[in-house]
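Only the coordinates and a few stated rules stand behind these numbers; no lab work does. Treat the numbers as computed from the prediction; the structure is a model and nothing was measured. All Cβ positions, glycine included, derive from the backbone under ideal geometry; neighbour counts span all protein chains shown.
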Amino acid sequence: MTPGIFTALHTFGRDLKWNVHVHLSTTRGGLCADQTTWQSLYFAKHSLMPMWRYEIINLLRNAYETLTLPPTLSTYTLWNRWLDQHYQKPWIVHLAKASKNHQKNVNYLGRYIKRPP
């Protein structure tokens, strides 16, 4: 199945204070391999939250060699300790209700595309 996915990285919240977060919008399904059949997809919020945290931290852990990090995170041990601290914190995953208003979806996504991280 091939879903539609859009992501935007933000380093601030509405109040313009430091608040790194990811906006991810996806279709609630996708086209099957034959490209002719739509397959619906269900997201279980309580299952998704720990999986999302694990995958993002694992991605960052594996990217260590390619990152430019501050001196406080300059060794692999320090980097992993910092990631482990974030693994223990709760991460908020908000699942919005499906929308059939295409113009509203375009406007929503447009706000995040035009704003800098």
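Overview of values
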| item | result |
| --- | --- |
| Residue among THR7, THR11, THR26 that alone is part of a strand (DSSP E or B) and surrounded by 13 or more Cβ atoms within 10 Å (Cβ to Cβ) | THR26 |
| Selected residue (criterion: surrounded by the fewest Cβ atoms within 10 Å (Cβ to Cβ)) from residues of segment 34-76 that are aromatic (Phe, Trp, Tyr) and not in a helix (DSSP H, G or I) | TYR42 |
| Residues located in segment 36-50, provided they are among the aliphatic types (A, V, I, L, M) and within 19 Å of GLY4 (Cα to Cα) | LEU41, ALA44, LEU48 |
| Any pair with Cβ under 6 angstrom, 6 or more apart, that starts in segment 1-25 at a residue that is in contact (Cβ under 8 Å) with a residue 40 or more places away in the chain and of a type outside the set (Lys, Arg) and ends at one that is surrounded by 11 or more Cβ atoms within 10 Å (Cβ to Cβ) and not in a strand (DSSP E or B) | MET1/CYS32; PHE6/LEU109; ALA8/TYR112; HIS23/TYR112 |
| Scan of segment 14-23 for residues that are farther than 23 Å from HIS102 by Cα and either touching a Gly at 6+ places or on another chain (Cβ under 7 Å) or in a strand (DSSP E or B) (or both), ordered by number | TRP18, ASN19, VAL20, HIS21 |
